[in-house]
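K.L.:
Dumping the structure here so I can ask a few things about it.
Nothing in this text is a laboratory measurement; each read-out follows from the coordinates by a stated rule. Predicted model, so just to flag it, every value in this text is computed and none were measured. Every residue, glycine among them, receives a Cβ derived from its backbone with ideal geometry; neighbour counts consider all protein chains shown.
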Amino acid sequence: MDIKIVEYEERHKEAVCVLFDNFQDYLVNLDPIKRLRRMSGYAENVLNETLKDIKDNDGIFLLAEDDSKVIGFIVGKMEKRTEGQLLEAYPALMGRITELYVDSNYRSKGIGSMLMLQLENYFKEKNCEYIWVDVFKPNTTASNFYKKFDYEDRDIEMIKRLKHSQQVPVS
């Protein structure tokens, strides 16, 4: 393997869309209450939102390539604090990891770690004091991965399904 970490370019679009779809499929399969899904057009929509988000928030979109084949990605951005947030927490420069995924055929080979270290270096160059990341609770693999990099559990989001409710298609 000859792994290189490069920034996203338009020429990567098709390969990245495949990975975004694979990532969502992975999360859908982990979802114990079956709320997640992947509809047609998902990957292109997420890619467009990601590109806008990194442009608007001084972010970066890094890819792992093996012999020019895109096999993983990580996305990070600077987290803007609102006036309300500053009333309840000390001001600090914050980075946020919004996406991290490695193709299943390339996991456990250090590629996620390479992506993490590169993104953490980006945040260090931006003088961030903290980095935040949200992890889908059933994704224990991701949670354990972040803990290896000294990330700590901070917030827990909870959900309750009301027994009388039916899933209604949204048009």
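K.L.:
Set the bar at 19 Å for Cα to Cα. Now go through 13/147; 4/109; 137/160; 126/148; 80/160 and name every pair that lies beyond it.
P.N.:
13/147; 126/148; 80/160
K.L.:
List the aspartates and glutamates whose Cα lies under 18 Å from the Cα of residue 77, skipping any in the same chain that are fewer than 8 positions away.
P.N.:
By straight Cα distance, residue 77 reaches 7, 9, 49, 53, 56, 58, 99, 120, 125, 129, 134.
K.L.:
To continue, here is another question. If the cut-off is a Cα-Cα distance under 19 Å, which lysines reach residue 163, setting aside same-chain residues fewer than 8 apart in sequence?
P.N.:
34
K.L.:
How high is the relative contact order of the chain, given as a whole-number percent (alpha carbon pairs under 8 Å, six or more residues apart)? Please report the intermediate quantities before stating the final value.
P.N.:
Numbers: 195 pairs, mean separation 34.7, N = 171.
Dividing the mean separation by the residue count of the chain yields 20 percent.
K.L.:
Kindly provide the trypsin sites (Lys or Arg not before Pro) of segment 96-160 that DSSP labels as loop, not H, G, I, E or B, and whose Cβ sees at most 16 other Cβ atoms within 10 Å.
P.N.:
Answer by residue number: 107, 109, 126, 154, 160.
K.L.:
Here's something else I'd like to know. Direction-averaged shadow area of the convex hull around the Cα atoms of the chain, nm²? Before the final figure, lay out the partial values.
P.N.:
Values: hull surface 48.1 nm².
The Cα convex hull of the chain, projected and averaged over all directions, gives 12.0 nm².
K.L.:
Just check segment 66-154 against the gyration tensor rule for me: Cα atoms, a ≥ b ≥ c as the square roots of the eigenvalues, rounded for a/c under 1.5, and otherwise prolate or oblate depending on whether a/b exceeds b/c.
P.N.:
Verdict is prolate for segment 66-154.
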